[in-house]
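Visitor: First the structure, which I've put down as structure tokens, then a few questions once you've had a look.
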Amino acid sequence: MTSRVVVALRVAASPERAFEVFTAEIGAWWRPNDFFRFTPRDPGVLSFERGEGGRLVETLASGKVFEIGRIRVWSPPSRLVFGWRQATFAPDQDTEVEVRFEPAGAETRVTVEHAGWEAIPQMHVAKHHFPNHVFLQRHGEWWRGLLEAFKLRAGEEIEQ
Amino acid sequence: MTSLDRTLAALADPRRRAVVDVLRRGPRAAGDLARELGVSPSLMSRQLKALREGGLVEDAHPAFDTRLRIYALSPAPMAELRRWLEAAEQGWSEQLAAFKVHLERAP
């Protein structure tokens, strides 16, 4: 199955600046929410270690550092790819986020594509600490494929 | 167990997810499903039972043959799942919107 979550919008900035702020200032703009809980603890602060092979990490209030994923492609100003794991993922489960920055007139179109949600981990993993709805949200991609069979709304973009 | 737990339990097995994937293409008789997936009729029967109990599939007899059971995906749990899916997209939409506000506010 090849379905995925794709969201895009335009920002009033050059691709260079958009890439820079996206990576260097993620700790300032990221909004912790249930869907993006990486660990069962209180959300911490996100940061990128610049360059390929660097990490995207969450630093918790206790000082502990959780590795969300390694940076797989670091191509400013156009493309960024990194791995994405949450603490409850099964050992063999890994997802990938690709962020593209494309010029759109004087602005930049930023597209986030989150792929790799096909496998559903075992129930005991999902039941440990996390409420069911969070577990299911993380498998939105697989559900999306299922829902397409029912001709329900699939995919949403905000265009501003 | 809640109905959601049952739905999830039914889907925890990758072989049952494969059955659901085939049914996405349209309703099938149990025998056709077994052939398409290369499993024995008895195993298919057990998997369909689990999926039925999970509320994911329903069966019906076609008018011309009451012995035949045709299995199809059940729309009931899908409406519930749709809401979670929307939350998934909402999650990234909110992050990008927050990114935009931050980016355009700074000089």
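Visitor: What is the fewest-to-most order of A:Phe36, B:Phe64 by other Cβ atoms lying within 10 Å of their Cβ?
Guide: Working: A:Phe36 21, B:Phe64 6.
In order of increasing Cβ crowding within 10 Å: B:Phe64, A:Phe36.
Visitor: Debye calculation, C-alpha points only, no solvent: report log10 I(q)/I(0) for segment A:8-72 at q = 0.25 Å⁻¹, in the same order as the q values.
Guide: The Cα Debye sum returns log10 ratios of -1.15.
Visitor: A further question follows. For the residues B:Val39, A:Val5, what sequence is obtained by ranking on other C-beta atoms within 10 Å, fewest first? Let's see the in-between values first.
Guide: Working: B:Val39 17, A:Val5 22.
By the 10 Å Cβ count, ascending: B:Val39, A:Val5.
Bear in mind that the values in this text are calculations on the coordinates, not laboratory data. Here the structure is a predicted model, which means the values were calculated and not measured. Methodologically, a virtual Cβ is constructed for each residue, glycine included, from the backbone with ideal geometry; neighbour enumeration extends over all protein chains shown.
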